[in-house]
Amino acid sequence: NNEIISNIRDSVINLSESVKDGQKNPEAINFSQGSVSELFPSASVSLVVDSEDCLFASKSGSHGSGVQMLDVYDILPFDNPDGGVWKQGFDITYNENEWDSEPLQVFVVPHSHNDPGWLKTFDDYFRDQTQHILNNMVIKLQEDNRRKFMWSEISYFSKWWDGIDSQKKDAVKRLIKAGQFEIVTGGWVMPDEASPHYFALIDQLIEGHQWLEKNLGVKPKSGWAIDPFGHSPTMAYLLKRTGFSNMLIQRVHYSVKKHFAMQKTLEFFWRQNWDLGSSTDILCHMMPFYSYDVPHTCGPDPKICCQFDFKRLPGGRVSCPWRVPPEAIHDGNVQHRAWMILDQYRKKSKLFRTKVLLAPLGDDFRYVESSEWDQQYQNYQKLFDFMNSHPEWHVKAQFGTLSDYFEALRKESNLDEKSSNSFFPVLSGDFFTYADRDHHYWSGYFTSRPFYKRLDRVLESYLRAAEILYSLALVQSSKSEKRSVFPSVDNYKLLTEARRNLGLFQHHDAITGTSKDWVVVDYGTRLFHSIMNLKKVIIDSAHFLILKDKGAYNYDISTPLLKMDDVQSSQDSLPRKTVIKLTSQPRYLLIYNPTEQERFSVVSVNVNSPRVKLLSPLGKPVTVQISAVWDGATTVSHEAYQISFVAHLPPLGLGVYQLLEVQSSEAVLADYNIYMRNSRQEKPDRLFKIKEMQNSVDNIILENSYLKLWFSGMSGLLEKINTKDDGKNHQIKVEFAWYGTTSNRDKSGAYLFLPDGDAKPYIFTDPPTIRVAHGRIFSEVVCFFHHVTHTMRLYKVQGLEGQSLEVSNIVDIRGEYNRELAMRISSDINSQNRFYTDLNGYQIQPRLTMSKLPLQANIYPMTTMTYIQDVAVRLTLHSAQSLGVASLKNGQLEVIMDRRLMQDDNRGLGQGVQDNKITANVFRLLLERRHGTDV
Ligand SMILES: [Zn+2]
């Protein structure tokens with residue numbers, strides 16, 4: 001979607017002149033000046049793999065780190081026995097005198113978890129809770145300099161900051177300087193770690209950190225991620241590269257937590273899988289128990305710990321579900337109460353290698369009311385004072401921030417002096433797929449609300465394009481006398497707003513699809529507005545860049561010079577192509593390549609006439625395929641025609657093509673075969689050759705110079721691929737399948753996937769209408785099923801674009817009841833139980849499908865790709881949106897495309913997922929030959 005249609009006025013620009021002398025003109029360096037405009041570029045455009053890269057890949061693997069998560073999964077029985085008071089753990093005992101030589105250091109860390117949208121929108125939470133928390137923070141921390149507090153979401157903090165006076169701002173700065181108030185992580189949000197692309201993870205981190213640097217002059221140093229539903233090493237890597245030394249994670253499979261607690265590996269150096277040294281190591285603390293709330297953070301027994309959550313004192317709005325309420329601390333009970341909590345601290349401490357203990361004290365949207373601050377801080381101070389005044393107890397307890405804890409931990413383990421990190425184990429791998437109890441795996445959210453998971457990536461692509469074009473335009477405008485005319489300030493504001501809206505959407509209840517319906521609409525509206533604004537930035541910047549005479553730039557907000565080639569009419573609709581009206585005078589078509597690689601890429605735009613001629617940036621005619629634009633499956637619209645051609649663009653280049661209407665066009669029309677159950681009377685189209693026939697057992701065949709594809713004549717689905725360079729046939733069969741939800745009490749919802757067994761094949765009583773197009777630039781098979789319009793397109797161009805298949809599914813399951821639709825690709829590849837998924841588009845993580853785990857545990861997040869392989873071939877499914885994937889059988893890949901669930905799954909959301917949209921899922925399927933040994 002980086003094509004821009006230009007409606008150019010000759011008075012403004014003499015383009016052909018600009019193009020002619022462009023090569024000599026350094027100003028026009030970002031113009032497309034390539035000499036290759038023919039359909040089949042002779043140059044090799046497939047990516048060359050450096051042999052050094054292969055060497056690197058063959059070296060990487062499990063060695064070097066002590067703990068490999070794949071090995072841990074291999075060992076664990078996943079048996080879930082009752083552990084007593086610590087239900088998912090075990091009995092913890094200790095000796096009274098263990099701390100005699102070295103006292104226990106306890107850091108009680110007050111925090112408030114503020115979701116930037118979940119049950120309420122971002123703005124509503126801010127108004128009702130967040131602003132009061134931060135206002136009270138300033139007052140309550142100043143009352144006693146032993147009090148501490150921390151904050152992580154800069155989206156909220158910056159909004160609050162903008163509304164407070166300078167006195168309050170100074171007080172905040174003093175509290176930070178005094179170490180009473182700490183910003184942890186400091187991202188725009190606490191992002192989900194499964195669905196976001198690393199582009200967006202970095203975006204939200206930069207947005208938060210730049211804000212902090214500019215407004216507070218602080219740089220966070222510790223990561224705090226207590227609520228994301230599973231954890232990715234990509235996040236660890238980004239934090240390390242941001243300059244962090246420490247991080248904390250919480251939502252990890254209960255069996256892994258228990259195992260780590262037994263091995264005392266809850267604190268470890270997290271190392272990237274591919275790191276052959278130790279440069280990516282970051283110290284990570286994994287919280288041991290079920291939740292980050294107070295009952296599950298002081299020690300193993302939630303019944304005891306709950307009594308030390310003083311917001312739950314009798315008479316308040318919250319109580320303890322274990323039915324023993326807290327008691328306010330006074331002289332008469334302090335000894336007993338202090339002893340009770342110290343017992344919990346000591347037991348928790350037995351799970352770690354040092355005598356420094358972290359005891360978080362907080363929950364969702366805590367510390368709203370002034371009285372809550374008093375309840376927590378006053379009662380805990382009494383407990384601390386009592387403990388600390390009894391040296392025979394061998395404990396030093398205090399309020400702390402996360403960095404206070406890590407500092408003490410590093411000091412005690414001599415971490416900063418030692419050259420080796422041997423005190424703590426080294427771990428590699430990831431923490432997906434998360435289960436919090438029983439067989440409750442959080443693999444549903446990898447797919448929930450897929451429409452918005454796709455919209456997120458669309459926004460990312462526009463943001464990337466806009467940022468580069470804006471930067472190039474800014475540089476050029478600074479050289480021009482007309483500097484003030486280019487709307488750099490206005491557009492910068494739009495860019496910033498877009499980054500923040502993208503950042504907000506990475507929140508662990510946003511991109512995950514786990515918020516209330518109206519909150520989803522709020523996020524969707526923000527993404528949608530930013531997409532429209534970024535189009536404006538792209539138009540303004542591209543307009544400025546294509547001018548030979550920058551002085552001729554005339555900024556007119558009401559009549560932009562350029563238009564984009566698609567329009568999205570609302571936040572929850574799919575974009576529609578604009579129709580370009582052709583005349584005998586050329587219309588200019590600007591195409592932008594936002595990647596840093598030279599691209600030969602097929603571009604399609606809609607025009608109003610089939611009598612079209614296209615000229616390349618060098619003025620040469622370009623081969624064009626004209627395809628019909630359809631109303632439904634079988635009716636040709638003569639309002640518009642789709643033209644497709646191979647655009648050639650240098651890295652980050654803009655290319656200016658010309659489109660005009662001619663008397664006799666040399667463009668090649670695609671022709672069509674339509675397979676349907678009752679083929680109609682032959683009714684010839686006035687332009688296209690369309691043959692109608694009955695669905696048949698004969699195969700449909702598509703072909704280019706690399707591949708020959710066989711599709712079923714009954715279903716239109718792919719069955720077999722022949723790779724022409726080696727002449728081999730590969731069984732690669734596409735199918736669709738339904739999952740239902742279990743008949744047990746706990747059913748699938750926004751978070752959880754609880755299927756009713758294996759998926760059932762998608763059955764159609766009548767064969768679908770199949771529309772096959774054969775063209776010069778591409779051929780395709782489109783199958784019209786009731787719930788999905790499935791397209792497989794084969795491009796007839798050189799390079800990866802021609803070696804892979806474009807797969808698109810327009811999914812509509814709005815009429816369904818507790819069902820999830822999957823696309824399954826079965827092959828003769830001997831992948832056994834191993835497959836691979838990416839993490840955040842940044843790295844590849846090997847996966848093992850395990851029969852000892854329930855089906856839903858074997859679903860993993862896919863951000864950009866998944867593959868299976870054997871010694872001979874690799875089959876990769878590239879994805880333009882994040883979804884859940886699995887490889888449940890040898891040779892299979894499966895991706896969940898949408899889910900409609902009628903009930904809540906008891907994780908606090910209080911609703912099902914019933915706001916399904918018509919959703920476009922886009923993929924590429926790539927079959928590659930493998931050389932050499934299996935890695
Ligand atoms: Zn949360």
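Within region 500-535, take every residue that is over 23 Å from residue 158 (Cα atoms) and within 16 Å of the ligand (Cβ to nearest atom) and give me the one that is nearest to the chain's Cα centre (by Cα).
Only one residue tops the list, namely 512.
Would you mind finding the one in 126, 199, 107, 157 that is away from the ligand (no atom under 14 Å from the Cβ) and under 20 Å from residue 219 (Cα atoms)?
Values: 126 fails: under 20 Å from residue 219 (Cα atoms); 199 fails: under 20 Å from residue 219 (Cα atoms); 107 fails: under 20 Å from residue 219 (Cα atoms).
The unique qualifying residue is 157.
Which is within 30 Å of residue 561 (Cβ to Cβ) and part of a strand (DSSP E or B), of 652, 702, 660? Please lay out each step first, then the result.
On the way: 652 fails: part of a strand (DSSP E or B); 702 fails: within 30 Å of residue 561 (Cβ to Cβ).
From the options 652, 702, 660, the qualifying one is 660.
Tell me yes or no: at least one residue of region 457-473 is within 16 Å of the ligand (Cβ to nearest atom), closer than 23 Å to residue 840 by Cα and not hydroxyl-bearing (Ser, Thr, Tyr).
Of all residues in region 457-473, those within 16 Å of the ligand (Cβ to nearest atom) come to none.
No, that holds for no residue.
Name the one entry in 575, 610 that is more than 20 Å from residue 465 (Cα to Cα), touching a residue at least 40 places away in the same chain (Cβ under 8 Å) and not aliphatic (A, V, I, L, M). Let's see the steps before the verdict.
Details: 575 fails: more than 20 Å from residue 465 (Cα to Cα).
From the options 575, 610, the qualifying one is 610.
Which residue pairs have Cβ atoms closer than 7 Å, lie 6 or more positions apart in sequence or on different chains, and pair a first residue in region 443-461 that is over 17 Å from residue 193 (Cβ atoms) with a second residue that is of a type in the set (Phe, Trp, Tyr) and at pLDDT 95 or above?
From region 443-461, the pairs are 452/523.
Has region 818-837 got any residue that is under 26 Å from residue 704 (Cα atoms), part of a loop (DSSP other than H, G, I, E, B) and out of contact with any Cys (no Cβ under 8 Å at 6 or more places or on another chain)?
Narrowing region 818-837 to residues under 26 Å from residue 704 (Cα atoms): 823-829.
From what's left, part of a loop (DSSP other than H, G, I, E, B): 828-829.
Narrowing the set further to residues that are out of contact with any Cys (no Cβ under 8 Å at 6 or more places or on another chain) leaves 828-829.
Yes, because at least one residue in region 818-837 is under 26 Å from residue 704 (Cα atoms), part of a loop (DSSP other than H, G, I, E, B) and out of contact with any Cys (no Cβ under 8 Å at 6 or more places or on another chain).
So, in region 527-579, of the ones that are assigned to a loop (DSSP other than H, G, I, E, B) and aliphatic (A, V, I, L, M), which residue ends up modelled with the lowest pLDDT?
557
Looking at 132, 113, can you tell me which residue is in contact (Cβ under 8 Å) with a residue 60 or more places away in the chain and within 16 Å of the ligand (Cβ to nearest atom)?
Values: 132 fails: within 16 Å of the ligand (Cβ to nearest atom).
When all the criteria are applied, what remains is 113.
With the checklist (1) within 16 Å of the ligand (Cβ to nearest atom); (2) in a helix (DSSP H, G or I) in hand, flag the one item residue 360 doesn't pass.
The single condition residue 360 does not satisfy is (2).
In region 514-528, what count of residues is obtained for those that are of a type in the set (S, T, N, Q) and buried (at least 19 other Cβ atoms within 10 Å of the Cβ)? Steps first, please.
Pass one, region 514-528, residues of a type in the set (S, T, N, Q): 514-515, 525.
Retained after the next criterion (residues that are buried (at least 19 other Cβ atoms within 10 Å of the Cβ)): 514-515.
The number of residues fulfilling the criteria is 2.
Any residue that is in contact with a strand residue (DSSP E or B) (Cβ under 6 Å, 6 or more places away or on another chain) and buried (at least 20 other Cβ atoms within 10 Å of the Cβ) - is there at least one of those in region 325-337?
Of all residues in region 325-337, those in contact with a strand residue (DSSP E or B) (Cβ under 6 Å, 6 or more places away or on another chain) come to none.
So far as region 325-337 goes, no, none of its residues is in contact with a strand residue (DSSP E or B) (Cβ under 6 Å, 6 or more places away or on another chain) and buried (at least 20 other Cβ atoms within 10 Å of the Cβ).
Which numbered condition trips up residue 110, out of (1) within 20 Å of residue 370 (Cβ to Cβ); (2) in contact with a His (Cβ under 7 Å, 6 or more places away or on another chain)?
The single condition residue 110 does not satisfy is (2).
Applying the selection to region 365-382, what residues are on the phi < 0 side of the Ramachandran plot, hydrophobic (A, V, I, L, M, F, W, C) and surrounded by fewer than 21 Cβ atoms within 10 Å (Cβ to Cβ)? Please lay out each step first, then the result.
First pass over region 365-382, keeping only residues on the phi < 0 side of the Ramachandran plot: 366, 368-382.
Narrowing the set further to residues that are hydrophobic (A, V, I, L, M, F, W, C) leaves 368, 373.
Correct list: 368 only.
Of everything in region 132-151, what is out of contact with any Lys or Arg (no Cβ under 9 Å at 6 or more places or on another chain) and in a strand (DSSP E or B)? Give them in sequence order.
150, 151
Any residue in region 536-550 that is more than 16 Å from the ligand (Cβ to nearest atom), under 24 Å from residue 188 (Cα atoms) and in contact with a helix residue (DSSP H, G or I) (Cβ under 7 Å, 6 or more places away or on another chain)?
Of the residues in region 536-550, the ones more than 16 Å from the ligand (Cβ to nearest atom) are 536-550.
Keeping just the survivors that are under 24 Å from residue 188 (Cα atoms) gives 537.
Filter once more, keeping what is in contact with a helix residue (DSSP H, G or I) (Cβ under 7 Å, 6 or more places away or on another chain): 537.
Within region 536-550, one or more residues are more than 16 Å from the ligand (Cβ to nearest atom), under 24 Å from residue 188 (Cα atoms) and in contact with a helix residue (DSSP H, G or I) (Cβ under 7 Å, 6 or more places away or on another chain).
Taking into account only those residues within region 202-231 that are in a loop (DSSP other than H, G, I, E, B) and within 12 Å of residue 242 (Cβ to Cβ), which is farthest from the ligand (Cβ to nearest atom)? Break it down stepwise before answering.
Let us first name the residues in region 202-231 that are in a loop (DSSP other than H, G, I, E, B), namely 216-221, 226-230.
In the following step, the residues that additionally are within 12 Å of residue 242 (Cβ to Cβ) were identified as 219-221.
Values: 219: 24, 220: 18, 221: 22 Å.
Among those residues, the one meeting the criterion is 219.
Would you confirm whether or not region 440-449 contains a residue that is modelled with pLDDT of 95 or more, buried (at least 18 other Cβ atoms within 10 Å of the Cβ), in a strand (DSSP E or B) and touching a helix residue (DSSP H, G or I) at 6+ places or on another chain (Cβ under 8 Å)?
Narrowing region 440-449 to residues modelled with pLDDT of 95 or more: 440-449.
Okay, now just the ones that are also buried (at least 18 other Cβ atoms within 10 Å of the Cβ), so 440-449.
When the remaining residues are screened for being in a strand (DSSP E or B), the result is 441.
Now restrict to residues that are touching a helix residue (DSSP H, G or I) at 6+ places or on another chain (Cβ under 8 Å): 441.
Checking region 440-449: at least one residue is modelled with pLDDT of 95 or more, buried (at least 18 other Cβ atoms within 10 Å of the Cβ), in a strand (DSSP E or B) and touching a helix residue (DSSP H, G or I) at 6+ places or on another chain (Cβ under 8 Å).
Among the candidates 422, 477, 488, 428, single out the residue that is more than 16 Å from the ligand (Cβ to nearest atom), hydroxyl-bearing (Ser, Thr, Tyr), more than 20 Å from the chain's Cα centre (by Cα) and surrounded by 23 or more Cβ atoms within 10 Å (Cβ to Cβ).
Details: 422 fails: surrounded by 23 or more Cβ atoms within 10 Å (Cβ to Cβ); 477 fails: surrounded by 23 or more Cβ atoms within 10 Å (Cβ to Cβ); 488 fails: surrounded by 23 or more Cβ atoms within 10 Å (Cβ to Cβ).
Matching residue, one of 422, 477, 488, 428: 428.
With the requirement that a residue be closer than 19 Å to residue 500 by Cβ and in contact (Cβ under 8 Å) with a residue 40 or more places away in the chain, what does region 219-252 give you?
Start the filter on region 219-252 by keeping residues that are closer than 19 Å to residue 500 by Cβ, which leaves 220, 238, 242.
Result: 238, single match.
Test of understanding: among 353, 337, 366, which residue is of a type in the set (Lys, Arg) and within 16 Å of the ligand (Cβ to nearest atom)?
Details: 353 fails: within 16 Å of the ligand (Cβ to nearest atom); 337 fails: within 16 Å of the ligand (Cβ to nearest atom).
None of the other options fit; the residue is 366.
Which of (1) modelled with pLDDT of 90 or more; (2) within 30 Å of residue 104 (Cβ to Cβ); (3) of a type outside the set (S, T, N, Q) does residue 462 not meet, given it meets every other one?
Residue 462 satisfies all of (1) modelled with pLDDT of 90 or more; (2) within 30 Å of residue 104 (Cβ to Cβ); (3) of a type outside the set (S, T, N, Q) except (2).
Determine whether region 237-248 contains at least one residue that is part of a loop (DSSP other than H, G, I, E, B), out of contact with any Ser or Thr (no Cβ under 8 Å at 6 or more places or on another chain) and either at pLDDT below 95 or within 16 Å of the ligand (Cβ to nearest atom) (or both).
Taking every residue of region 237-248 in turn, none turns out to be part of a loop (DSSP other than H, G, I, E, B), out of contact with any Ser or Thr (no Cβ under 8 Å at 6 or more places or on another chain) and either at pLDDT below 95 or within 16 Å of the ligand (Cβ to nearest atom) (or both).
The values are calculated or read from the model by the stated rules, or taken from the named source; none is laboratory data. Here the structure is a predicted model, which is why all the values come from computation and not from measurement. Every residue, glycine as well, gets a Cβ built from its backbone with ideal geometry; the counts of neighbours run over all protein chains shown.
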